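The values are calculated or read from the model by the stated rules, or taken from the named source; none is laboratory data. Every value quoted in this text rests on a predicted model; they were computed, and no experiment measured them. We place every Cβ from the backbone using ideal geometry, glycine too, and count neighbours over all the protein chains shown. For the accessible areas, the whole protein counts, side chains as well, though only heavy atoms, and no ligand, DNA or RNA atoms are used. Shrake-Rupley method; radii C 1.70, N 1.55, O 1.52, S 1.80 Å.
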Amino acid sequence: MKVLVCGGAGYIGSHTCVALAARGHSPVVFDSLCNASPEALRRVSDLVGFEVPFVRGDVRDAQALEALFARQRLRLR
């Protein structure tokens, strides 16, 4: 299952991505990088064995979120 991880390039988010991948899920990271680094995503990809999709954006931007959901075929439950 694809799982959207807002703030996935930060400390907690990156660890969450690794845990999700270990359980067979496919994390998709949405982060503004205001308190994070793309290096964290490279390290996550190294740990999980695949490139984790990343979209730079702010969760307060409704249009960016709508575009992300459409592009990644994510759906709300």
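Considering each of P27, P38 in turn, give the residue that is touching a helix residue (DSSP H, G or I) at 6+ places or on another chain (Cβ under 8 Å) and not charged (D, E, K, R).
P27
Name the single residue, out of those in segment 43-61 being part of a helix (DSSP H, G or I) and over 20 Å from K2 (Cβ atoms), that is most open to solvent (accessible area, probe 1.4 Å).
R43
Name the single residue, out of those in segment 4-17 being out of contact with any Asp or Glu (no Cβ under 9 Å at 6 or more places or on another chain) and surrounded by 16 or more Cβ atoms within 10 Å (Cβ to Cβ), that is nearest to Q72 (Cα to Cα).
L4
For residues that are under 22 Å from F69 (Cβ atoms), out of contact with any strand residue (DSSP E or B) (no Cβ under 8 Å at 6 or more places or on another chain) and among the hydrophobic types (A, V, I, L, M, F, W, C), scanning just segment 18-42, find the one that is most open to solvent (accessible area, probe 1.4 Å).
My answer is C34.
Only residues in segment 1-30 that are assigned to a helix (DSSP H, G or I) count as the first member; pair them with residues that are modelled with pLDDT of 95 or more and open to solvent by 50 Å² or more (accessible area, probe 1.4 Å), Cβ under 6 angstrom, at least 6 apart or cross-chain, and list the lot.
V18/L47
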